[in-house]
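I have placed the structure first, in the form of structure tokens, so that the comments after it can refer back to it.
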Amino acid sequence: MSFKRLRKKSSLTYRPAGTSPVRRGSLRFTVRAWSVRHARALEWLYRRFAGVLLKLHGLFARIGYQRVERPVLAVEKRVKGVLFDCRMCGQCVLSDTGMSCPMNCPKSLRNGPCGGVRANGHCEVEPDMPCVWVEAWKGSRAMRDGDAILRVQPALDQSLRGSSAWLRATAMSAAAKASSGGPV
Ligand code: SF4
């Protein structure tokens with residue numbers, strides 16, 4: 001390959017530091033910041049909502065979880081997309097991360113920030129974006145179960161991407177209740 005072509009190719013792949021490869025609307029950041037600021041209220045709301053879903057477990061089981069997934073997924077995607085810029089990883093950890101979605105980290109880090117957080121608390125890859133983990137810490141301090149942020153999250157199961165985390169959490173809670181001998 002000629003030097004000229006090589007230089008042209010490398011200028012396409014190389015991005016100097018300080019430029020953001022991803023353009024996200026500032027409205028996304030604004031809503032995400034609102035959710036983090038209201039982490040305690042959202043935690044309370046989600047607990048009530050999870051309780052309602054658990055009550056519906058019998059119905060879901062009768063109809064079939066697979067059948068109810070489509071409509072539930074549509075609502076989950078819309079609601080969490082607006083509030084958290086959700087990436088539908090299928091294994092939601094918002095309750096452990098101060099209502100700041102870790103999948104918005106360009107490195108998809110689910111166990112804390114990398115070493116590149118800027119002095120102003122922004123992301124090294126997307127300089128316009130506050131680090132999701134700096135936000136997560138802020139949100140967690142407001143939450144009743146905020147120390148859950150210290151839990152080590154397991155590796156992401158990529159096969160669950162695009163599935164409903166709400167239904168998964170419901171089925172898991174129902175199974176845990178059943179195994180402890182409680183009524184489901
Ligand atoms: S942790 Fe996963 S399911 Fe929860 S908001 Fe983020 S991408 Fe969506």
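Of all residues in region 81-90 being touching a helix residue (DSSP H, G or I) at 6+ places or on another chain (Cβ under 8 Å) and within 23 Å of Arg40 (Cβ to Cβ), which is farthest from the ligand (Cβ to nearest atom)?
This residue is Val82.
Could we say that Met143 is over 19 Å from Ala50 (Cβ atoms) and surrounded by 14 or more Cβ atoms within 10 Å (Cβ to Cβ) here? Taking the combined requirement at face value, the residue does not satisfy it.
Scanning region 53-89 for residues that are under 26 Å from Thr30 (Cβ atoms) and in a loop (DSSP other than H, G, I, E, B) yields a total of 5. Screening Ser159 against (1) surrounded by 19 or more Cβ atoms within 10 Å (Cβ to Cβ); (2) within 25 Å of Arg67 (Cα to Cα) leaves a single unmet condition, (1). Considering only residues that are within 11 Å of the ligand (Cβ to nearest atom) and not hydrophobic (A, V, I, L, M, F, W, C), look in region 68-80 and name the one that is nearest to the chain's Cα centre (by Cα). In this case the residue turns out to be Lys80.
Taking residues in region 75-96 that are in contact (Cβ under 8 Å) with a residue 60 or more places away in the chain, and partners anywhere that are near the ligand (Cβ under 6 Å from one of its atoms) and charged (D, E, K, R), the pairs with Cβ atoms closer than 8 Å and at least 6 places apart or on different chains are Met88/Lys80; Cys92/Lys80.
Would you mention how many residues in region 145-184 are touching a helix residue (DSSP H, G or I) at 6+ places or on another chain (Cβ under 6 Å) and either over 15 Å from Pro102 (Cβ atoms) or touching a residue at least 60 places away in the same chain (Cβ under 8 Å) (or both)?
The qualifying residues number 8.
Here's a check for you: in region 92-114, which residue that is within 6 Å of the ligand (Cβ to nearest atom) and not in a helix (DSSP H, G or I) is nearest to the chain's Cα centre (by Cα)? So the residue we want is Cys101.
Just so you know, all these numbers are worked out from the coordinates, no wet-lab data involved. Since the structure is predicted, the reported quantities are computational estimates derived from the model, not experimental observations. Virtual Cβ from ideal backbone geometry, glycine too; neighbours counted across all protein chains shown.
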